[in-house]
Amino acid sequence: MPLINLPDFAGDLLDEFTVRGTERVDTPIIQPAEPFLDMAGEDLRRRIFMTESETGASLCLRPEFTIPVCLRHIETATGTPKRYSYLGEIFRQRREGGHEFYQAGIEDLGDGDTASADARAIGDAIGILNRLVAGQPLSVTLGDQAVFEAVVQALGLPSGWQKRLIHAFGNMIHLETLLARLASPQPVTGLDVHVLDFLNRGDEQGLVKHIDATMQATGYSTNASRSPQEIARRLREKLVLSETRLDDAAFLVLEEFLSLSVPLADASAVLAGFADAAGLNLGNALKSFDARVKALAKSGVDASKMDYRAAFGRPLDYYTGLVFEVTVEGSSAVLAGGGRFDRLMTLLGAKDRIPAVGFALWLDRIETARAA
């Protein structure tokens, strides 16, 4: 028995899923915790409900549907392209209070025409909301993880810093903290003097031996999840990252990029102008962005209420390209949100790369919008 009632518009929602040629799926409420802990991101990890199996395996209550739907697709060895829809309860602590609510959505797996699939996902989210909250004007915000990654890569930062910045995309507070550290590097503190000496001399072999001896002496080696070699590598990377400084010109370029916020119709030209002025080659990321804008125009979706924000991301680590959210104009309550997650399927165990895009609908927020 559900603890909360299904909204009265659920039938209309299922009709919309049927019209769009999706296959309705359900997934168990109890899920293996590891995929969410590894791939969903820090924001979600802090809010999921953990438990254990009889054998001590880590489990959790289903905190979202994308990962379970993808796991089900892999386990059933179903071919692609495939469009799934879902409607059910998810469980996680919410910033606005509560811990259980209904979510629905569509996951579009295996369509190689990514621009067309992106446009379809945005169009489906808007089309469904136009029926469920009829008469209320919608606003759409788009971002692009791939464009941000291309900018960071073009600036020539060490790979460790690139990973940190990309991981923080969509969380401006965290991102600004990292940028401040890049502008004014702080020395590493708290390291053992012997470790620091090995690092400063570049004596990796000596550092590995020292770490191994310390682990053996303390008895830590028997329970360690990381080898002395891996610990040494991480320490060396930490030192390199602490000493990296982003020069003033590159810092200004990155800040200028993150400040970009324009109507979607102008976004391609603005991004091209930014790249030219900064001397950056954003290559395929800009081509994919342009193709998506053209696919949206071709699909007939009204782009006049769509905005592109360069700093906009969503707090899930598995996104790789498009990210978007839909609200009622003038409201901050997100009714639908989603994006592209092309790496997730292989990370979850798929043998071949499977391009994927999808979106989720928050049914309680939609219900509130309908009441308004």
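Laboratory data are not the source of any read-out in this text; all were calculated from the coordinates shown. Every value quoted in this text rests on a predicted model; they were computed, and no experiment measured them. Virtual Cβ from ideal backbone geometry, glycine too; neighbours counted across all protein chains shown.
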Listed residues Y102, F289, I90: farthest to the positive end of the dipole of the chain (Cβ charges): F289
Hydrodynamic radius (Kirkwood) for the range 27-184, which is based on Cα pairs only, to one decimal in Å: 18.7 Å
Principal axis dimensions, the range 299-372 - Cα atoms, whole angstrom, descending: 47, 26, 26
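Which of H174, H194 has the fewest other C-beta atoms within 10 Å, and how do the rest follow up to the most? Can you show the working numbers first?
Numbers: H174 16, H194 13.
So the ranking, lowest neighbour count to highest, is H194, H174.
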Violating pairs (Cα-Cα greater than 28 angstrom) within the set K163/K351; K298/K351; K82/K298; K294/K351; K82/K294; K163/K294: K298/K351; K294/K351; K163/K294
Virtual spin-label span in nm between R353 and S139, 7 Å along Cα→Cβ: 3.7 nm
Label selected from (i) 171; (ii) 138; (iii) 124, the criterion being volume of the Cα convex hull per residue in Å³ as computed here: (i)
Normalised contact order of the chain, rounded percent, pairs of Cα under 8 Å and 6 or more residues apart: 25 percent
Debye log10 I(q)/I(0) for the range 267-306, one point scatterer per Cα, at q = 0.28 Å⁻¹: -0.93
